[in-house]
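Written out below as structure tokens is the structure these notes cover.
The values are calculated or read from the model by the stated rules, or taken from the named source; none is laboratory data. These numbers were taken from a predicted model, which means no experiment stands behind them. Backbone-built Cβ (ideal geometry, glycine too); neighbour counts: all protein chains shown. We work out accessible area using only protein heavy atoms, side chains counted, and drop any ligands, DNA or RNA first. Shrake-Rupley method; radii C 1.70, N 1.55, O 1.52, S 1.80 Å.
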Amino acid sequence: MSPKFSALLILIILEKAGSSVTPVVTFNPNWDKIFTTESLTMTCNVRSPIPADMRYTWYKDNNQIHRGQSFVIERATTYNSGNYRCKGTNTEISDSVRLDVIYDWVILQSPLYIHEGDDVTLRCHHYPTYSGGQTIFYKDKTVIRHWESDPKLHIYNINLAGSKGYKCTKNIQNYSEYSGEASIPMKELFTTPEIKVTPFPVMEGDNVTVTCHTNVSLYRPETELQFSFYKAQQNVQRFGSSDQYGFQSAKLENSGEYYCEVSGRMIVKRSKELNIEINEPFTQSEIIMTQNQTTEGDNMTLTCHTERSKLIPDTGLEFAFYRDGQNVQEFSLSNQYEVQCTETKHSGSYSCKVRSSTNKLTRSSKELYIQIQELFSKPVIEMIPVLVSEGNQMILKCNTIVIRNNTELQFAFYKNIQKIQEFNSSHQYVVPSAHLEDSGNYYCEVIHLTSNVKKKSEELKVDIKGNTALFIILIPLALGILLLLVAILVTLFICRKRRSSVKPQEPTTEGFNTSSDFDVQPEITYSILAMFPMPHDVPGTTNENHENNVVYAAMNPKSRRQPDLDPDCIYQNI
């Protein structure tokens with residue numbers, strides 16, 4: 001294997017190693033051309049901090065030629081012309097630098113590294129040991145400077161357009177005129193910027209960053225740059241030190257043509273325009289019900305439909321469902337909401353939301369009103385008759401209205417929460433002879449066996465009345481006896497009162513009447529205590545029945561008749 005091929009292989013390996021630091025080769029004196037017999041020192045410069053054990057290697061035309069930080073050429077020969085590179089330990093290899101060693105009368109020299117915007121000095125140099133005279137400088141064959149013996153031309157704020165077409169002529173030994181030409185090896189202070197956007201592609205709702213990307217020359221790493229951004233020719237961010245412009249939660253109206261500008265040392269460069277399109281990750285959502293009409297007891301399925309963008313994978317969307325604005329299913333990967341055995345309470349306005357799991361962009365569908373139709377109405381329990389007395393028949397009915405035809409229902413009855421009649425086709429519960437213990441709280445249930453829809457009535461309070469016929473007979477009799485006892489007590493009281501008030505009879509004078517005919521008192525006084533039943537107590541009786549009447553008779557104590565009778569009381573029909 002030849003040494004040249006070996007060195008080239010080493011360089012390729014080093015380049016692929018991807019070290020983080022790139023050294024820079026500099027010349028002293030700082031000219032890109034020299035004459036033979038002149039000397040020049042090359043230095044391999046690495047950004048600080050420089051490790052103490054740093055080792056350097058030099059290459060000429062991809063061949064290793066030297067070790068050490070500096071490489072010195074003394075009394076150069078044309079053999080020394082070539083492309084030079086250097087490398088330090090754990091660094092990348094430097095850019096190639098061209099040195100031309102010339103054997104001639106006159107050369108036009110320029111500095112090794114010239115960047116746009118620099119102030120540049122060109123030297124019209126003649127061969128050593130000879131004397132030089134008048135010097136003339138040309139640009140594109142036009143004289144631009146004419147000096148007597150000054151060999152240097154100063155150019156201020158040079159640009160790429162002004163870096164070519166330079167030439168100089170000089171008199172040597174006062175009689176011969178020789179010339180040298182040069183195209184200044186100009187370097188960019190920074191590259192033409194390129195605008196980039198992340199993420200790409202951009203989806204609605206993304207947080208977007210627009211970067212104005214440029215590279216500063218390795219030989220001018222201290223150069224400070226300013227950046228500005230434009231959309232549709234309108235400035236959206238003025239010049240500043242940040243090379244980024246961004247916006248949160250991108251919207252469709254953020255789409256447009258963007259470009260940026262970079263400014264440094266009075267050099268301004270503009271990027272090409274980049275069309276940034278904000279894409280919809282998914283279309284507007286729509287809520288769809290699989291069946292046209294739903295009756296209670298049916299299974300209902302709602303689908304939140306949307307179309308995903310082809311620019312993103314078929315993942316990352318979440319769905320949620322709402323009824324009358326209230327969440328009924330949290331965000332999940334399923335785009336369906338199901339209700340088993342629907343009820344009328346499931347009626348309402350339904351909507352859904354779709355959101356991206358990456359940027360949380362959310363979109364809501366329009367509302368869809370769903371009415372769950374009833375199979376039958378809520379049952380109502382009733383009792384026939386409304387008032388039931390003990391011993392009479394009691395019938396409870398469970399009434400409902402069938403809304404959908406051909407709906408077969410079954411009924412069950414409950415008393416105080418306990419089931420008293422199992423589900424069957426009869427909507428009646430019959431008690432042939434009611435008793436007081438049949439009182440309680442009753443309700444019924446109706447079920448549709450096919451759909452398993454079940455509905456319950458409100459409770460009905462049932463009070464069984466006791467038998468009142470005996471009370472109708474006994475109440476007047478008891479009242480009569482009570483009145484009789486009261487009358488007897490009153491009579492005894494009156495008799496006792498009168499007995500205590502009778503005085504002894506004084507003898508009367510014969511033939512002398514102390515009272516007139518008008519003063520004669522009756523010997524016996526009668527009183528009748530009539531006892532009448534209440535008209536509604538004993539049907540068929542009238543006030544003409546006097547069997548229970550009491551006759552009371554009292555003798556006048558002043559009467560002289562019937563002295564053998566009891567002077568106090570006479571009773572009849574007790």
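So the values come out like this:
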| read-out | value |
| --- | --- |
| Listed residue pairs exceeding 21 Å between alpha carbons, taken from LYS251/LYS310; LYS164/LYS187; LYS33/LYS87 | LYS33/LYS87 |
| Relative contact order (%) - criterion: Cα under 8 Å, at least six apart; region: the stretch 314-468 | 19 percent |
| The stretch 42-172: mean projected area of Cα convex hull, nm² | 10.1 nm² |
| At R0 = 25 Å, FRET efficiency that the Cβ-Cβ distance of ASP53 and ASN28 yields, to 0.05 | 0.50 |
| Lysine pairs with alpha-carbon atoms under 26 Å apart, the stretch 326-448, spacing 8 or more or separate chains | 9 |
| Local electrostatic count at PRO111 - Lys and Arg +1, Asp and Glu -1, tallied over other residues with Cβ under 9 Å | -2 |
| Residue-wise HN-Hα coupling along the stretch 231-239, computed from phi with Karplus coefficients 6.51, -1.76, 1.60 (Hz; x: Gly, Pro) | 10, 6, 6, 9, 5, 10, 7, 6, 4 |
| Hz values of 3J(HN,Hα) by residue in the stretch 341-354 - Karplus curve (6.51, -1.76, 1.60), Gly and Pro given as x | 6, 5, 10, 4, 5, 7, 5, x, 8, 9, 8, 9, 10, 10 |
| Label-to-label distance, nm, for residues given as GLN410 and THR223 (7 Å Cα→Cβ offset) | 9.2 nm |
| GluC sites (Glu not before Pro) restricted to the stretch 17-119 and DSSP loop, no more than 12 other C-beta within 10 Å | GLU74 |
| Net lengthening on full extension, ALA487/GLU307 (0.36 nm per residue, minus Cα-Cα) | 54.3 nm |
| Contour minus Cα-Cα distance for GLN244 and ASN399 (0.36 nm per residue) | 48.2 nm |
| Stretchable slack from ARG265 to ASN90, in nm (0.36 nm times residue separation minus alpha-carbon distance) | 59.7 nm |
| Within straight-line cross-link reach of LYS497, lysines at Cα separation under 29 Å, skipping those fewer than 8 residues along the same chain | LYS558 |
| Sites SER39 and LYS196, calculated FRET efficiency, Cβ-Cβ separation with R0 60 Å, nearest 0.05 | 0.80 |
| FRET E, pair GLU459, GLN293, Förster distance 41 Å, beta-carbon r, rounded to 0.05 | 0.75 |
| From phi via Karplus (6.51, -1.76, 1.60), per-residue ³J(HN,Hα) for the stretch 209-222 in Hz, x at Gly/Pro | 10, 9, 10, 9, 8, 8, 10, 7, 4, 4, 8, 9, x, 7 |
| Accessible-area value, TRP105, 1.4 Å probe, nucleic acids and ligands omitted, Å² | 80 Å² |
| For CYS86, net neighbour charge (Lys/Arg +1, Asp/Glu -1) across residues whose Cβ lies under 12 Å away | +3 |
| Simple spin-label estimate for SER451 and LYS139 in nanometres, 7 Å along Cα-Cβ | 9.5 nm |
| Charge context of GLY180, other residues only, Cβ under 12 angstrom, K/R +1, D/E -1 | 0 |
| Spacing of the two label points (7 Å from each Cα toward its C-beta) at TYR369 and ASN235, in nm | 5.6 nm |
